[in-house]
Each structure stands twice: as structure tokens, then as C-alpha cells.
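Asker: Structure below; questions to follow.
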Amino acid sequence: MTIEPALADRTREGRVRMRGDERGGFDDFVAARSGRLLRTAYLLTRDHGQAEDLLQTALTKAWFAWGRIDGDPEGYVRRILVNTYATWWRRKWRGEQATDVLPETGVPDRSTAVAEGNDLWHAMGRLPRRQRAVVVLRYFEDLTEAQTADVLGCTVGTVKSQASKALAKLRVDPALTDETGDRA
Amino acid sequence: MTGIDELRATLQSHAPQVPDHETQQRVGAVHRRVAVVRRRRRAAAVAAVAAVVAVSGAVVLRPGSGEPEPASLVGVTAPDTMTSLGYTYDRGDLVEGQDGSVRLRLEASDVPRLVSWATSGDDQVVTVSGLGSDPLTYSADDLTDWVYVEPGVSGSVRVEAREGDPGLAVYSLSPSASRPDGYTRDGVTYREQVADTRLLDAEVGDLGQAELSLDPGTAARARLVMSCEGAPRGTWIRAVGSDGPVGGTECGGDLPVDAAATGSWWTLDSAALEGSVRVVVQTSYRDSTPVRAPGLRVGAALYTDSGGAGNRADETLVEDGGHLWRRVARFDAEAGASRLPTTAPEGDGPFLFWAGGDAEVGTLAVGIGDERVSGALIGSGGETSTLVDAGERVTLTVRGGQATADRGVWISYYELAD
């Protein structure tokens, strides 16, 4: 599936310039591109329901700005998505508390029985939101530090320090070391 | 972790693939959201006009005359105080609506508040919305139910009456009234009774004190709650039982007024309870050196624990929103089944539900009516809850995984018990 004919002209830089008409191409964009954006949302939220909710929230915001987008709409929506995630406070749900760091629970640690990849996945879940966003943008979206800074609305230096802190945290995460963690 | 390549591989392997048919459904879902936002924006524009009119029509009564006198709210006497879970709240602003509705904007406060309502008509059924909650139908008597507003939260509360005009009353935690039975120090209280658990021991330390010790007595099982404030970022509060560490979390936020009703708790078994339980705020997750910080304050308590499977499906009494709730229905999916359609009880709502499940991986999607809403990470023991109207359809579905063979998903409904 391709969106280009319905959407716009490609510029020489390969970016998509939106037509000036009212939300022309929005539906095609959602159908064609939202699958990838959902993957980003899932890597951020680690929850299918929340990922879908986050993505639809971002797409809804983008719909109202659709005629004003000058440039790559996917980048625009990704910026909304990541920044919505970084500041998301789900007040309605009482059982889950939005915190930067997931608290340990009384549930026995199952990680010893699963592959190291799953350990790393769980360890990523313990990263603060901004650091997790940097990790996803840098190492899943393959954005440069400058592009990541643009999406997050921060400096390149902040991206570097957040990435460095994230990697440092992952390297000492108890699930990824040989040391015995808490019984929890 | 061995490196960036491993990180990339992990991200790629966990990124879900989305079938095309779901993207088509998403198009429709987004348009429905757009329609909702447009309706709200139109309503807000109308309300802005109405607000100008309401300046002369709405009655706003504020305290401060200094003379105790009965306060009337749409013809109903508003008591000087209200009580919630043993805490006393003092009456503040009263706002009377017109044309069947009333709306009140609340600025953030340092103390918890209750926003209650009354109606001028005989029919006391109202719809309450705001503060991040969808509209819910309440049928409680005048000024007997409320929306609980946590410290630091701001927003609007709107009440629409089915008959007559509604009024809103704001009650703030009393600074002078005595606290509930239990342990209180420096404004932090661990209640003697929290749902069906009983206080075993509690302590709030001196400023700068990084370690506490709790005595479980002869308890064979116990629940631990602990929190801290005033510590540098990245510090951890950790509990150590007689057989080693039992849990911890990052230190942050403020010590809550109702300390046992907020945050996570950990279950300790007999092996951990053979001696005292030590609670320490340490420099970092890895560094167990106690923190030195002049503004540090730590509080912790042990409560009885009746056992069971350790999730809320087994609890007959729970607390939420300043209320005590009693379980009235419980549904369990058949072993291994990953979908559980249910209907909330009929009667005077709303009802509280807690839902969860048991699966190695995956998430629990919760659908209320025709709306699919967020759920919980059940792979990590997550549970979730909210209020729903009486008779509402609630469907649980495990997504991205499979419920375990011996126990699937569950949901318990609760009615007000206070």
C-alpha cells in the first residue's frame, strides 16, 4: 500500500508536502503509516491497549492540524505521539499509577526462566519515560541525535545524556546481571 | 546487556505487526474521536457564552463570615463537615446551578477534597463528569456521595440533574479535626483499619532519618507500605526482612496524608517476619548506603494480610476514592480462556471494578460498552480498576498473549459500603 498519489508531491529531499486542501489524504495516511506508528507507541507504552489509545490520541490531534502540516506528516504525528506519551497522565484509571520508574511488586520474578531478550525488554520497562523515548527513537526509529532532539523538543546534548543514562541503567539492571536481585 | 545491537534486536522483536484490517478500523476510530472533540469544542463555546449569563444567575456562596450558620444548597442543608474513611472535611464553597446543571472549576490544593452535590428536585439522580472521568450516573441521596480530589489536582466537575437544579459543595480536609484511629505524626496517618486489614506497626521518621524499624509481632503474613519525600532523585526506599530484601521503589513525591491508602504494597511471609523489618532510604538501586539528606522524611507501616492469591479478586472489601467498597459480584473466565464478557450489577451505581489476569505475556484490554479503553500489563501482575455505571457491559480480552491454563482473567464488582 502506498500513500503518495493520494497525499502529495514528493520534494527532492524525499519529504512529503501536503496538499493545501482540507484533510485530504488523512485517511490514506492512517491506513498506510499508522501500523509503524503503532509499533513505536507500543515500544513506548508496552501495552497494546495504551499504544492504540496513544496513537489515536496523536492522530486526532494531527487531524485538526492536517491542513497546516508542511513536511513529513509521519514525522509530525510521531512528534505528537512521543510528546503526548512523555506527558501522559492517565487519570481515569486507578489501578495503574503513572510513574517514571515502575515499582517493584510482590510478584515473583519470572525473568530467570525467559530469554535474555525478554530480560532486556523488561529492563527497558524500568526506564523513565524520557529515556525510554530516546531509546526507541534512536535504536528503533534509527533517528539521529539531532532528529531525536527535534522530535522531543530538546537539545542534542539532552538526547546524548538521556541515552547515556538509559544505557547505563540497562547495564546495571538486576535482570541483566549475574547478581541475585531482591526476592521481591 | 551486551550492546546496542542487542538493544535494537530486542526492540525489533517486540514491535508488533499490525494487520491491515486493524488500520481500517483505526481510521473510523480516529474520526469518532474527532467528532467528540468537535462536539466538546462547540459545547465549550456555548458554555463560554452561558458563563457570561450565569454571572448574574448562578449563586456562589463562600464561607468566611465567621459566624457558624446552617448553609443551604439548592434548598438542602449542607453540613459543616463530611467524613470519609475517618477523616473530617470542612465545608468550603457552595455553588448552585441553573437549567439543570452546574459546573465548578477547581484549582489545585495542598489537601484532599471532596466535591459533593445535591438537587432541588425529589429525583436525586445526577450525572457527574470531569477530572478525567467519563460521565457516570449517581443516585445517592443529597450530599452523601462525592468525587475525591487528590492534592495537586485541578480541573472541572460538572453535575447534571435529571430533575431540578443541582448544587455543588466543596469540602477540604480539616486542618484541626482529629485524625482516624491509628498512627499519626507530622500530618501523616496510618489508619488502624484499611479495608479489612489492621495496623500492626507504623513509624514516620525524624527529618533526615533514613532508616526505620517495624515490628510485625506474631503475624505470619503482613502487608508493607512505605514512602518517602525530600530525597535526591534516584534514591530508593527499600525494605529488608529477616530473610533478606523484600521490595523497594524509587523515592519521590510527598508523604501522603492517608499513607496506607496510596501507592504500592508488598506482601511479606513468615520467613521475612521472624524479626523486625528494616526500611531504609538508600543512595541508589545498587548502592545500599543510607541517604544523608536534611529534608528526608520516611514513613512505613505493616498491616495484617489474610493471605489468598495476592490479587484483588480475592478481596471482599477495598477502598477507592475516599470510600469503602464491598464486593457484590465476581467473574472468572474459564481456565485458559482469554476473553471474559461481563455486565456490571444493576442497582444504585456507579460500581467499582477491579480486573486482572494471569498470563506470561500480554496485556489486558478492557472494553466498556462500545468503547475500548486501556488495560493493564498482566504479564507483570498488573491489575486495573475504574468506576462504571450500573448494567454497563465490560469485556476483558487478553491481547498479545495467552491466559494461563489454570487461571484466566477475572473481574470483581464492588458497591459502596459506607
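Here's the yes/no breakdown for (1) touching a strand residue (DSSP E or B) at 6+ places or on another chain (Cβ under 8 Å); (2) among the small types (Gly, Ala, Ser); (3) under 29 Å from residue B:415 (Cβ atoms):
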{"position": "B:184", "(1), (2), (3)": "yes, no, no"}
{"position": "B:209", "(1), (2), (3)": "yes, no, no"}
{"position": "B:213", "(1), (2), (3)": "yes, yes, no"}
{"position": "B:222", "(1), (2), (3)": "yes, yes, yes"}
{"position": "B:236", "(1), (2), (3)": "yes, no, no"}
{"position": "B:241", "(1), (2), (3)": "yes, yes, no"}
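Asker: Looking at region B:156-181, I want the residues that are closer than 20 Å to residue B:106 by Cβ and touching a residue at least 12 places away in the same chain (Cβ under 8 Å) and have a partner that is of a type in the set (Ser, Thr, Tyr) and loosely packed, with under 15 Cβ neighbours inside 10 Å with Cβ atoms under 7 Å, at least 6 apart or on another chain. Which pairs are those?
Answerer: Listed by first residue and then by second, the contacts come to B:174/B:81.
Asker: Identify, from the list B:321, B:357, the residue that is at pLDDT below 85, surrounded by 16 or more Cβ atoms within 10 Å (Cβ to Cβ) and either farther than 30 Å from residue A:42 by Cα or not polar (S, T, N, Q) (or both).
Answerer: B:357
Asker: Now for a separate question. Restricting attention to region B:400-418, which residues are under 24 Å from residue B:134 (Cα atoms) and surrounded by fewer than 22 Cβ atoms within 10 Å (Cβ to Cβ)?
Answerer: B:415, B:416, B:417, B:418
Asker: Hey, can you tell me all the residues within region A:152-169 that are modelled with pLDDT of 85 or more and aliphatic (A, V, I, L, M)?
Answerer: Within region A:152-169, A:156, A:159, A:163, A:166, A:167, A:168 meet the criteria.
Asker: Additional query: So which residues in region B:153-191 are part of a loop (DSSP other than H, G, I, E, B) and closer than 16 Å to residue B:256 by Cα, if there are any at all?
Answerer: Selection gives B:153, B:174, B:175, B:179, B:180, B:186, B:187.
Asker: Inside region B:267-281, can you point out the residues that are of a type outside the set (Gly, Ala, Ser), within 9 Å of another protein chain (Cβ to nearest Cβ) and surrounded by 22 or more Cβ atoms within 10 Å (Cβ to Cβ)?
Answerer: The one that is of a type outside the set (Gly, Ala, Ser), within 9 Å of another protein chain (Cβ to nearest Cβ) and surrounded by 22 or more Cβ atoms within 10 Å (Cβ to Cβ): B:268.
Asker: Test each condition in (1) modelled with pLDDT of 85 or more; (2) within 28 Å of residue A:124 (Cα to Cα); (3) not aliphatic (A, V, I, L, M) for residue B:400 and report the one that comes out false.
Answerer: (1)
Asker: Name the single residue that is modelled with the highest pLDDT among those in region B:1-51 being part of a loop (DSSP other than H, G, I, E, B) and surrounded by 11 or more Cβ atoms within 10 Å (Cβ to Cβ).
Answerer: B:15
Asker: Residue by residue through region A:30-77, note down the ones that are away from chain B (no Cβ under 13 Å), surrounded by fewer than 22 Cβ atoms within 10 Å (Cβ to Cβ) and in contact with a Leu (Cβ under 8 Å, 6 or more places away or on another chain). First the steps, then the outcome.
Answerer: To start, the set of residues in region A:30-77 that are away from chain B (no Cβ under 13 Å) comprises A:67-76.
Then drop every residue that is not surrounded by fewer than 22 Cβ atoms within 10 Å (Cβ to Cβ), which leaves A:67-72, A:74-76.
Passing the criteria: only A:74.
Asker: Quick one: count up the residues across region B:125-142 that are touching a Gly at 6+ places or on another chain (Cβ under 9 Å) and within 16 Å of residue B:321 (Cβ to Cβ).
Answerer: Selection size over region B:125-142: 6.
Asker: A further question follows. Quick check on this structure: which one of B:256, B:216, B:245 is assigned to a loop (DSSP other than H, G, I, E, B), within 14 Å of chain A (Cβ to nearest Cβ), out of contact with any His (no Cβ under 8 Å at 6 or more places or on another chain) and not small (Gly, Ala, Ser)?
Answerer: Going through B:256, B:216, B:245 in turn, just one is assigned to a loop (DSSP other than H, G, I, E, B), within 14 Å of chain A (Cβ to nearest Cβ), out of contact with any His (no Cβ under 8 Å at 6 or more places or on another chain) and not small (Gly, Ala, Ser): B:256.
Asker: Being at pLDDT 85 or above and within 14 Å of chain A (Cβ to nearest Cβ) is the filter here; which residues of region B:113-132 pass it?
Answerer: Here is the first cut: in region B:113-132, the residues at pLDDT 85 or above are B:113-120, B:125-129.
Of everything in region B:113-132, those that are at pLDDT 85 or above and within 14 Å of chain A (Cβ to nearest Cβ) turn out to be B:128, B:129.
Asker: Tell me which residues, restricted to region B:131-171, are hydroxyl-bearing (Ser, Thr, Tyr) and either closer than 25 Å to residue B:367 by Cα or surrounded by fewer than 19 Cβ atoms within 10 Å (Cβ to Cβ) (or both).
Answerer: B:133, B:137, B:138, B:139, B:144, B:148, B:154, B:156
The values are calculated or read from the model by the stated rules, or taken from the named source; none is laboratory data. All values derive from a computational prediction rather than experimental measurement. Cβ sites come from the backbone with ideal geometry, for glycine too, and all protein chains shown count toward neighbours.
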